[in-house]
Each structure stands twice: as C-alpha cells, then as structure tokens.
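Let me begin by presenting the structure, written as structure tokens, before commenting on it.
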Amino acid sequence: MIIDDDENYHEGYWTFNYYDRVDCVDFERSTVEDYDPKDARHYVEKFVFKSEVLAAIPEEERLMFQPKKIDKAYTILHKKIVDIFNKHNVETLRFIKVADWEYGKQF
C-alpha cells in the first residue's frame, strides 16, 4: 500500500527484491571500463552474457534478474515480461534489448 502526501491510501501496488544475482556476464567479451578480473564490481558499458550459464537456469527462474559483479543494479527482463508491459501500452518504462544496449541509452 502507498500512502501519498495527502494521506490517501493506494492499494494494488507491488515491489520486488532480488536475493541473489546471476553470475552470467562474460567480462572478457563485454565492454568494461578498466577491466581487472580481481575487482569485485565492474563498470559495464556493453553486456555480453554467458549463454551456457543462462541456458542452465530454468526459464521461469530467469524471467527477471540482476547480473552479479557489476557496479549498477540493472534489471534484465525476459522478452515474455517485456511483452506483458507492451501489451498494456505501459509508457512509463523504456525497454532496450541487451544486444542493443550500451551505457547511456538508459537515459
């Protein structure tokens, strides 16, 4: 439930939290600023995912996830989820295919 500034109650909203991130970024093939494999987090400018890692995870468990070891909390959505939002003409979100995304396009 959301309570606005005028104390009005708004029900029907949900939030979600990730308990674990997916270690699926291929840092050797991604574009990463000053990549050092010893760093805990990396500044990714263009993603390339490890297809074998994603293929090993059942689809229903990777419909939405956040990649591990990156400096931002990017949320990756499966096309099935994007299609639901697009079906309902949601205009408050902008979706970019991972293959087309590069840092700066999110703005």
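For the range 1-90, the list of GluC sites (Glu not before Pro) that fall in a loop by DSSP and count at most 14 other C-beta atoms within 10 angstrom reads 7, 11, 28. Taking every C-alpha pair closer than 8 Å and separated by at least 6 residues, the mean separation divided by the residue count of the chain gives a relative contact order of 23 percent.
Restriction of the chymotrypsin sites (Phe, Trp or Tyr not before Pro) in the range 2-40 to DSSP coil positions whose beta-carbon has at most 12 other beta-carbons within 10 angstrom yields 13, 14, 16, 18, 19. A full extension of the chain between residue 95 and residue 20 corresponds to an added length of 24.7 nm, given 0.36 nm per residue minus the alpha carbon distance.
Structure remark: mean-square fluctuation, Gaussian network model of the chain, C-alpha springs under 10 Å; the largest value among 65, 49, 85 belongs to 85. Which of 92, 31, 75 ends up with the largest GNM mean-square fluctuation for the chain, with Cα atoms connected below 10 Å? Maximum fluctuation in the GNM of the chain, among the listed residues, is at 92. Annotation: amide H of residue 42 within the under-5 Å range of 70, 71, sequence separation 5 or more or interchain, hydrogens built in the peptide plane.
Restricting the trypsin sites (Lys or Arg not before Pro) of the range 1-46 to loop positions (DSSP other than H, G, I, E, B) with no more than 15 neighbouring Cβ atoms within 10 Å leaves 21, 29, 38, 41. DSSP bridge analysis restricted to the chain gives an antiparallel fraction near 80%, rounded to the nearest 5.
Taking amide H positions as modeled 1.01 Å from N, with prolines and chain starts lacking one, the residues under 5 Å from residue 50 and 5 or more places away or on another chain are 25, 26.
Working note: Karplus 6.51/-1.76/1.60 with θ = phi - 60° gives the range 49-61 the couplings 9, 7, 4, 5, 6, 5, 5, 7, 9, x, 3, 5, 9 Hz, where Gly and Pro are set to x.
Translational diffusion coefficient of the chain (Stokes-Einstein, Kirkwood radius from Cα pairs, 10 °C, 1.306 mPa s): 99 µm²/s.
Each value in this text was obtained by applying a stated rule to the coordinates, not by laboratory testing. All figures in this text were calculated on a predicted structure; none of them were measured in a lab. Every residue, glycine as well, gets a Cβ built from its backbone with ideal geometry; the counts of neighbours run over all protein chains shown.
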